[in-house]
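The values are calculated or read from the model by the stated rules, or taken from the named source; none is laboratory data. Values in this document were obtained by computation on a predicted structure and should not be read as measured data. Cβ coordinates were reconstructed from backbone atoms using ideal geometry, including for glycine residues, and neighbour counts include every protein chain displayed. Ligands, DNA and RNA are excluded from the accessible area calculation, which covers all protein heavy atoms including side chains. Shrake-Rupley method; radii C 1.70, N 1.55, O 1.52, S 1.80 Å.
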Amino acid sequence: MSEPTDTGSTGTEAAAGGSAKLRNRHITMITLGGIIGASLFVGSGNVIRSTGPAAIISYLLGGLLVFLAMRMLGEMSARRPSVGSFMDYANESMGGWAAYLVGWLYWYFWVGVIAYEAVVGGGILSGWFPAVPTWLWSLLLVLVFIGTNILSVRVFGEVEFWLASVKVITIVVFLVVGALFALGLWPHATNSVSNLWNHGGFMPMGFSAVMIGVATVIFSYFGTEIAVMASAESVDPARGITQATHTVIWRILLFFVGGVLIVVTAVPWDKLPDPDEIAPFAYVYGLFGLPGAAQIMTIVLFTAVISVLNSGLYSASRMFASLADKGYAPRIIRRRSKTNVPVAALIASSLGALAAVVANFTVPASGIFDFIMNSGGLVALFVYVFISLAQWRMRMKLTPAERATLTLKSWLTPVLNIFLIAVVIGVVIIMLLSEDGRAQVWTSLVATAVLFAVWPLVKRKLNARGVDTSPAMDQRAAAAKADSASS
């Protein structure tokens, strides 16, 4: 029995010899701004309106889960960089079924994100140029960023560098001016810190609303792992992975928790306009009295949308290609260009997203928004559980000598692994007890169950080709034991 060739990893090595690799500045900016998208600028409004000022807690708790998962992923990635990332590590530590499931769930998530960002971006462009219908703008956006991704990973990185720079600068200005505004130190502003507790209390909708908000918040954070995946295609994978892992906590605290704190402090949470009418960040920017603030924020929002669209196509295509490399997706998806871009996976992922875009124009837009935000967040929680389990099992399988050589370690294994899994289970239970969250949980569980049901067929096909789907670490241990016995 043999393992399939991991061309997801070898492809990275091939790319490493060319000039199309990502530079350190690309990784830095992807790490800083890659997760700042419409889900923050727009989606935070939905979390605040359903949670109140305690949305800050939702973002903090969600951020803690992301931080722990990233630390665990960083340990595995620093040991063995791979574009397939956690799917490869799930395969190594738990076996083919885990890699198959987490890889397809992750791909499903990003197809939904691509569709969502394309719809939001098309809506913005339609507002600027109403003669062209929204659906056509959405289609054109997807086609444009297929182009940026299909040329080379270096082109993707360069585009993402400049788009992420705009987002980071905007958030920094928002935080500085917003803090002055909330403290009454900005012209014509009064101290509004009391907005945190004066309108029904800090947690007006109860703790269950805070926990349900975590699933939506995870949607905003998901994408942090892109920097780890991209680092495997950079000139210095180890440095990129370490940087992405070490900086994730302050990025979350500064950009997400800080941004939401400014919004709920500057404006009473129950007075915040509907995000479908005006994004919360744009609304607060308008309160500052800066000339052209609303127009500038609309441009920034558009920049954020196309940035996540760009990185979403990158992530979906890399994961889809890695699935095909291991035999979990059609073999044609493995095809890559001369610059090592998984062209077939890129096009197939785009078609999946375009199908979702078409669905958006046949179903009320708000329904699509809520479904993708919440069911996508639940898929993200599932992925974090798999990362936790993979790192836990991998650490257990390492010898003391191998553990000593780890350049980046997750803390308190397995205590924090158990904590992460317990919090995810708690969020799912609370959502099941909530009328709003119940349908989203069952939708995600049904999708997962479908994948489980198909796995025996996939496994049978792989076994017929002589592919061993047991954990790669166990295969190596068995081979070493056999060698020792024969000698």
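Brief remarks follow.
- Accessible surface of the chain, 1.4 Å probe, proportion on carbon and sulfur as whole %: 69
- The stretch between LYS409 and HIS246 holds 57.6 nm of extra length on full extension. This uses 0.36 nm per residue minus the Cα-Cα distance.
- Taking all Cα pairs closer than 8 Å and separated by 6 or more residues, the relative contact order of the stretch 221-285 comes to 21 percent.
- Look at the alpha carbon pairs under 8 Å that are at least 6 residues apart: their mean separation over the length of the chain gives a relative contact order of 33 percent.
- Fully extended contour minus Cα-Cα distance, from LEU136 to VAL358, at 0.36 nm per residue: 78.9 nm
- Amide N of the stretch 289-322 lying under 11 Å from the label point, which is placed 7 angstrom from the Cα of VAL173 along Cα→Cβ: 290-300
- Solvent-accessible area of ILE430 with every protein chain in place, 1.4 Å probe, in Å² to the nearest 10: 40
- Pairwise Cα inverse-distance average, inverted: Kirkwood Rh of the chain (Å): 22.9
- Surface analysis of the chain yields an accessible area of 38 Å² per residue, using protein heavy atoms and a 1.4 Å probe.
- Listed pairs LYS21/LYS167; LYS21/LYS459; LYS21/LYS326 exceeding 29 Å between Cα atoms: LYS21/LYS459
- Between helix 293-325 and the chain: long-axis angle, C-alpha atoms, 0 to 90°, nearest 10: 10
- Against the chain, whose longest principal axis is taken from its Cα atoms, helix 55-79 shows a tilt of about 30°.
- Cα-based Kirkwood hydrodynamic radius, the stretch 160-297, one decimal, Å: 17.0
- Where only C-alpha atoms are counted, convex hull volume of the stretch 218-298 per residue in Å³: 134
- In the stretch 114-155, the inverse of the mean reciprocal separation of distinct Cα atoms equals 10.6 Å; this is its Kirkwood hydrodynamic radius.
- The chain: angle of helix 134-151 to the longest principal axis, Cα-based, in degrees nearest 10: 40
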